[in-house]
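Enquirer: The following block contains the structure, expressed as structure tokens.
The values are calculated or read from the model by the stated rules, or taken from the named source; none is laboratory data. Since the structure is predicted, the reported quantities are computational estimates derived from the model, not experimental observations. Positions of Cβ are backbone-derived with ideal geometry, glycine not excepted, and every protein chain shown enters the neighbour counts. These accessible areas exclude ligands, DNA and RNA; they are computed on the full protein's heavy atoms, side chains included. Shrake-Rupley method; radii C 1.70, N 1.55, O 1.52, S 1.80 Å.
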Amino acid sequence: VRRSETLWRIAHSYGLGVNALAAANHLTGAVPLKTGQQLFIPLPVESQRFLWPVRGSLRSPSNDGIDIAATAGSLVRASRSGRVAIAAHQLSGLGKTVVVDHLDGYVSIYASLEQILVSPGASLRQGMPLGLVGSRPLHFQIRYDVKPKNVLALLPH
């Protein structure tokens, strides 16, 4: 838990209901969260919508994706279920990159990773770890039929 974070904000960033997050952590009533407190984040119920791949601060939104600055070592999770199409240790200009094919025309791209935790061909459920953030922000893109989509319009607000 970071300073000023609420249970609602944390739950929403992981695509969870507040009650589900509270129940998973045995929290009752309006007990305030404490900075530094650790919460258990249950895997969300399978969803066809995209979820944030990592919690952090948004940097440099652009037409081809977003950059998310997160604490080094943070797990990057599959935004939706799919199959790992690419797990490359050096893509030109992107560094360590994972591409997940969602098998419906959509792909999600996770670039500038510190470490890759999956192999090509692996099946991923939404929320499963696929890499780790390093000192650089995660670059995240969603494409449909190879065309970049507005990532922020597809993620929970």
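Enquirer: Give the long-range amide H neighbours of residue 122: residues separated by 5 or more places, or on another chain, with amide H under 5 Å away, using H modelled in the peptide plane at 1.01 Å from N.
Expert: Answer set, sorted by chain and number: 84.
Enquirer: Sticking with this one: Heavy-atom accessible area of residue 34 with all protein chains present, probe 1.4 Å, nearest 10 Å²?
Expert: The accessible area of residue 34 comes to roughly 140 Å².
Enquirer: Follow-up. Quick one: order 108, 92 from most to least accessible surface, probe 1.4 Å.
Expert: Final ranking, largest accessible area leading: 92, 108.
Enquirer: How charged is the neighbourhood of residue 138? Take every other residue with its Cβ under 13 Å from the Cβ of residue 138, and add Lys/Arg as +1 and Asp/Glu as -1.
Expert: Spelling it out: positives minus negatives among the neighbours equals +3.
Enquirer: Using R₀ = 22 Å, calculate the FRET efficiency as 1/(1 + (r/R₀)^6) where r is the Cβ-Cβ separation of residue 34 and residue 69; round to 0.05.
Expert: Computed FRET efficiency for residue 34 and residue 69: 0.45.
Enquirer: Using a cut-off of 12 Å between beta-carbons, work out the net charge of the residues near residue 99 (Lys and Arg +1, Asp and Glu -1, residue 99 not included).
Expert: Net charge around residue 99: +2.
Enquirer: In whole Hz and in residue order, list the ³J(HN,Hα) couplings for the range 63-80 that follow from phi through the Karplus curve 6.51 cos²θ - 1.76 cosθ + 1.60, θ = phi - 60°; x for Gly and Pro.
Expert: 5, 10, x, 9, 10, 10, 7, 9, 4, 3, x, 5, 6, 9, 10, 4, 5, 8
Enquirer: Just to make sure I understand: if all protein chains stay in place, what is the order of 139, 157, 89, 12 by accessible area at 1.4 Å, largest first?
Expert: Output order, biggest surface exposure first: 157, 89, 12, 139.
Enquirer: Same structure again: Just one of (1) 23, 18, 17; (2) 27, 17, 15; (3) 26, 20, 17 is semi-axes √(5λ) of the Cα gyration tensor in Å as worked out from the coordinates here. Which one is it?
Expert: (2)
Enquirer: Mind listing the long-range amide H neighbours of residue 76? Cut-off is under 5 Å, sequence gap 5 or more, other chains count too, H placed in the peptide plane at 1.01 Å from N.
Expert: 130, 131, 132, 133
Enquirer: Further, regarding this structure: Could you run the Karplus curve 6.51 cos²θ - 1.76 cosθ + 1.60 with θ = phi - 60° over the range 100-109 and give me ³J(HN,Hα) per residue in whole Hz, x for Gly and Pro?
Expert: So the J values, rounded to whole Hz, are 10, 8, 8, 6, 9, x, 8, 9, 10, 10.
Enquirer: Ok, one more. Residue 28: accessible area at probe 1.4 Å, nearest 10 Å²?
Expert: It works out to around 100 Å².
Enquirer: A further question on this structure: With θ taken as phi - 60° and the coefficients 6.51, -1.76 and 1.60, list the Karplus ³J(HN,Hα) couplings across the range 143-157 in order, rounded to whole Hz; mark glycine and proline as x.
Expert: 10, 10, 6, 6, 8, x, 10, 6, 4, 5, 6, 9, 9, x, 8
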